[in-house]
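Computed from the coordinates by the stated procedures, all read-outs in this text should not be read as laboratory data. Predicted, not measured: the structure shown is a model, and the values here were computed from it. Here the Cβ positions follow ideal geometry from the backbone for every residue, glycine too, while neighbour counts run over all protein chains shown.
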Amino acid sequence: MSFKNHFKPCCVESQVTTMPSFNPNHLTPAGLRLYDTPNAGGASVNSEVMSIEVLQRVFNATLEATEMEVSYWPPNGPITDYVCKVDETTFGVSVTRAFHYRGDQFFTEDDADTLLKKKLQGVINSTKNVLFPGFAKQVLHVWCQSKKVCNIVKRQYKRLNSSLRANTIVLLSVCSADWIYQEKRVVPEKKVSPIKKVDRPVMKRDPNSRKARKRRARWVKKQVANAILSCITVIMYSGMLWQIWLLLSSSNEHCPPRIENNSCIFVT
């Protein structure tokens with residue numbers, strides 16, 4: 001097989017049967033190179049490796065450059081996953097996955113529309129900004145969780161504007177292998193230096209050192225300030241209570257009581 005009509009947009013569907021679990025020992029040299037080479041990040045190594053495996057076995061593609069070997073300007077835009085050559089034509093390949101973590105029955109047309117628009121626009125931008133190795137056309141390789149998901153993606157692709165489809169070849173590969181869609185990002189373990197495991201002697205602080213004297217002086221100043229503040233607060237409240245008692249006493253002196261029916265009444 002070969003890519004026909006290289007510079008016309010098209011959507012190609014394929015059915016891929018893979019091994020039950022991912023095993024790097026079964027990869028071709030191109031797939032092993034892509035597997036061993038660090039990428040720009042993310043959790044899509046398995047899908048990218050299987051993409052070059054499919055293109056190599058079906059279309060006789062050869063790997064030209066990995067993700068980090070392609071240069072762009074400006075450098076902070078979208079990038080392609082790898083570059084390959086088919087029939088003496090260089091293609092950039094961007095790999096994505098169409099799936100829903102809860103199952104294919106939850107994958108909707110809105111999901112497919114969002115995925116295609118985002119990836120196809122990224123393909124256009126990366127093709128425009130690529131410096132080396134140069135390519136004028138890309139393949140958007142979409143791994144579909146099931147035939148149902150593939151049909152949804154195809155329907156949404158036909159509804160897209162021609163400016164967004166441009167000259168990109170959309171390759172849909174139906175594969176139900178969970179290790180393609182449920183791949184998790186592997187965080188490398190931190191290597192602990194053997195020096196940290198050595199029991200070091202506990203250094204005792206000198207109570208008569210300059211830093212220790214300063215710490216004690218700051219602590220004493222803080223305690224004195226708190227004591228002074230407490231005394232001022234007590235004096236203020238005592239003065240207020242004293243004034244209230246004086247006011248009550250003066251009012252009782254000017255108002256002598258008058259006793260009527262065994263009750264004391266103040267006359268004002």
Virtual spin-label span in nm between ASN226 and ASN208, 7 Å along Cα→Cβ = 2.9 nm
Anisotropy class of region 9-100 from Cα gyration tensor, a/c 1.5 cut | rounded
Starting at the first residue of region 13-29, write each ³J(HN,Hα) from the Karplus equation 6.51 cos²θ - 1.76 cosθ + 1.60 with θ = phi - 60°, in whole Hz, x for Gly and Pro.
-> 10, 9, 10, 10, 10, 10, 6, x, 9, 6, 9, x, 5, 9, 7, 6, x
Amide H to amide H, which residues 5 or more places from CYS144 or on other chains are under 5 Å from it, using H placed in the peptide plane?
-> ALA98, SER173, VAL174, CYS175
Using the beta-carbon distance between TYR237 and ARG216 and R0 = 45 Å, what value does 1/(1 + (r/R0)^6) give for FRET efficiency, to the nearest 0.05?
-> 0.90
Among GluC sites (Glu not before Pro) in region 50-150, those in a DSSP loop whose Cβ has at most 11 other Cβ atoms within 10 Å are GLU88
Mind giving me the nanometre distance, one decimal, between the label points for ASP178 and SER249, set 7 Å out from Cα along Cα→Cβ?
-> 8.9 nm
Quick one: which residues, 5 or more positions from SER71 or on another chain, have an amide H under 5 Å from its amide H? H modelled 1.01 Å from N in the peptide plane, none for Pro or chain starts.
-> LEU131, PHE132
